[in-house]
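Taken together, the values in this text are just the output of simple stated rules run on the coordinates, not laboratory data. Just so you know, these numbers come straight off a predicted model, no measurement behind them. As a convention, Cβ positions derive from the backbone with ideal geometry for all residues, glycine included, and neighbour counts pool all protein chains shown.
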Amino acid sequence: MPTAVRPLHRILRRSACLGAVLLACFVPVVAPAGTSLAADLPFASYNYDVWGRSVPVPATYVVEQVLYGGEAGFGDFRAPGDLYVDGEENIHVLDAGNGRIVVLDRNFRLLRIVGGIRTGETLGDGSPETVDLTGAGGLYVHEDGTYRICVAPKAQVLAATADGTLLRTYGTPKGDVVPKGLNFKPLRAAVGRDGTLYVVSEGVFQGILEIDPEGTLLGFYGSNRVDVTLQVLTEFFWKRLFSEEQKEGMLKIVPIEYSSLDMDADGFVYAVTRESRNSMNEIKKLDPKGNNILRVRSSADVPPGVMLNIGNYGDIESTYDKGTKVDTRFIDIRTDRQGFLFALDAQRGRVFQYDQESNLLSIFGGVGQQEGTFREPVAVETLGDRVLVLDRAAGTLTVFAPTPFGTDIRNAILHYNQGLYQEAESLWRSVLGRSANFDLAYVGIGKALFGRQDYIGAMRHFQLGYDKRGYDEAFAEYRKDLLRSQFPWIAAILGAAALLAALLARAFRRSALSARIATAPGRLPFRFAAFHPFKAFDEVRTENRGRIREALLLVLALFVARILSLGLTGFLFNDVRIETIRVGREFAIVAGVYLVFVVSNWAVSTLTEGEGRWRDIALVAAYSLLPMIVSTLAVLLLSHGLALREGAFMALLSGAALWWSAFLLVTGLMTVHHYTFLKTLASLGLTVAGMAFLLFLGALVYSLFRQMAVFFGNILTELLYRI
């Protein structure tokens, strides 16, 4: 049932979930990350949810075969450097250690072996002279059948015919724009439609080199920006202060270099960086101007904490080795004819599949010596819907084929990205039938239901897929239809409720109960916060009005309101994961801040001739919380009936309540301490400083006691072992 119709129904249902979490908030449940659902796989099969947590999914790709050159009849591969699948789906393997190129058909039958690149010269014995391909690591097959081979140790890119005859050699490029001291070590190359050679060179931070057919450097393409990290900011700050001599000895701040590239049929260049300091934007799609046009989720659509589809490619969860972060290190990238991207991680031997919207679709592979894992993966290619991975150390070519689960994802994405949501719905349901952990499937179904004007079902699926923009659109449409069809009834109910409230209020004012409540002690907080704050403050100081019990109840009410707000705020405005709520921690924050404020202000007032007692301070601080309590509950209710664009009303209400509470606190302290306004502000500044000192002291004492507990625990353990 949508929130606009029955907010109480939604609140009660979520209250049950919140209660279960609160009961188990101190008992964390940990599940192994990346657990494979296929027991025969040598690698974990997993994906990530929107929060960046690994979740198990069925295998998307499995090993179809592993090709060993010896068994195939053309000799073992030795230190192969790259492979390429041409337009006719022939497979070219750069067998660098053997100085040859092995060409296979799409069924992996041998077509020919190019026995080296011949220079056209002959040796003394009459045999043709060939180029040493040792260390060659990049192979590109042009549409005319010619090769481009990168030989980094020789600082050369070789252009050769299909039979291995050398056409020309590209050495260190020449031209006016060549940087001083350029160290040319080509790793990967591709050729544009106009014949321009694009080269990724090791140690070149300016970007991809653009070289014309004559070997002249035209410029750098798709330059990376410097990753903004704490280390970079620190270096930038100190460089503003140091002399030129001191700057020379500091760390050079340079962009991240590319490690590989690929070019699709439309001429777009895809590039990957070997490593990124901030783990962002490791994969790029470059337009003719060198701008990255690979789509990610905009900041307006990403709530705090969301890690998926924001430009963080590869493994999102990081591991550490002796304090050093072990991050994804992409070494190669390929795009197939349908636009799917496959990026190869040399660090963990995994292949990551993405679509053009940067949606993570599958992860497969790993480090090891079993089939499906790799010792030193160096290249990835696609052959139809199959994926090929070349292992330099093992000398193998592994062929992965999609499972039915992977095929459904692939076909669903093809329809989804073309806007064919109805056609993709059955495929998404098939995906969810195999795994409930694939969030994109919920979004796909939600879009299909939205197209059929099933807004309730669409909202439910958008919420499961954590798509707030889709949920907002469905909610707005449903609310619009609801108001159109039920407006007379809604207006009549609201009018009757307003009339009934007015009659009850009038009868209450004339009753004896009203007079008794007006003089009751518990009415003071409401007079204080709403109508007569100065008079109520004076009564607290001069007539001992107010009770500590009331103050504690207000602090408890703020805590309860905060817990309800964290767990029950409407989906559109709630960025808190309910499983992360810790009741003890929230209570410690609310009660601790209140207690520390009272103690600190009392200590400051004794030094600044304040007349307020600790009791007066405790009452003033607690009564000032009333606007925040009321606004928190009001915002909670509004969050179930407003759309995203109307969230400004909630922000306005919360801001007004916060300022009103601050006003009450300032006026209250002025009254009970008999301060001027400026002196009150000064005492509040000292109070905040005192709070910081008390919190630091408390953390220090806690740390000392914790170390003592560990020390005596170790002694007790040692004694138990020796007895």
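Taking the dipole about the Cα centre of the chain, with the C-beta of Lys and Arg at +1 and of Asp and Glu at -1, give me whichever of Gly384, Ala265, Gly698 is farthest to the positive side.
Of the listed residues, the answer is Gly698.
Please list, in order along the stretch 129-136, the HN-Hα scalar couplings obtained from phi with the Karplus expression 6.51 cos²θ - 1.76 cosθ + 1.60 (θ = phi - 60°), rounded to whole Hz, x for Gly and Pro.
Taking θ as phi minus 60°, the curve returns 7, 10, 7, 6, 9, 4, x, 5 Hz for the stretch 129-136.
Tell me, what is a quarter of the convex hull surface for the C-alpha atoms of the stretch 520-710, in nm² with one decimal?
About 13.1 nm², averaged over all directions.
With θ taken as phi - 60° and the coefficients 6.51, -1.76 and 1.60, list the Karplus ³J(HN,Hα) couplings across the stretch 137-154 in order, rounded to whole Hz; mark glycine and proline as x.
In residue order, the calculated couplings are x, x, 10, 10, 10, 6, 5, 8, x, 7, 9, 10, 10, 8, 10, 4, x, 9 Hz.
Report, by chain and number, residues whose modeled amide H sits under 5 Å from the one on Thr396, excluding near sequence neighbours (fewer than 5 apart, same chain).
It is Asp391, by chain and number.
Modelled label-to-label distance, Val177 and Lys289, 7 Å Cα→beta-carbon offset: nm?
1.6 nm
Is the stretch 618-723 best put as rounded, prolate or oblate by its Cα gyration tensor, with a ≥ b ≥ c the root eigenvalues, rounded for a/c under 1.5, and otherwise prolate when a/b is larger than b/c, oblate when not?
oblate
How far is helix 404-416 tilted off the main Cα axis of the chain, in degrees rounded to 10, range 0 to 90?
Helix 404-416 sits roughly 70 degrees off the main axis of the chain.
How far is helix 583-607 tilted, in degrees, relative to the longest principal axis of the Cα atoms in the chain, given as a value from 0 to 90 rounded to the nearest 10?
60 degrees
When only alpha-carbon atoms count, how far does the chain stretch along each of its three principal axes, as whole angstroms with the largest first?
So the extents along the principal axes, rounded to whole Å, are 120, 71, 70.
Which peptide among 95-106, 589-600 comes first, and what is the full order, when sorted by highest mean count of other Cβ atoms within 10 Å?
Top to bottom by mean Cβ count within 10 Å: 95-106, 589-600.
Under the rule of -39500 (n - 2.57) per DSSP H run of 4 or more residues, summed and divided by the residues of the chain, what mean residue ellipticity at 222 nm is obtained, to the nearest 500 deg cm²/dmol?
It lands at -13500 deg cm²/dmol.
Would you mind listing how long the stretch 552-657 runs along its three principal axes, going by Cα atoms, in whole Å with the largest first?
51, 29, 20
Using a cut-off of 9 Å between beta-carbons, work out the net charge of the residues near Phe342 (Lys and Arg +1, Asp and Glu -1, Phe342 not included).
-2
Report Rg/Rh for the stretch 125-207, rounded to two decimals, where Rg is the Cα radius of gyration and Rh the Kirkwood radius.
Reported Rg/Rh, Kirkwood definition of Rh: 0.99.
On C-alpha positions alone, give me the angle between the axis of helix 421-434 and the longest principal axis of the chain, in degrees, nearest 10.
For 421-434 against the chain, the angle is about 90 degrees.
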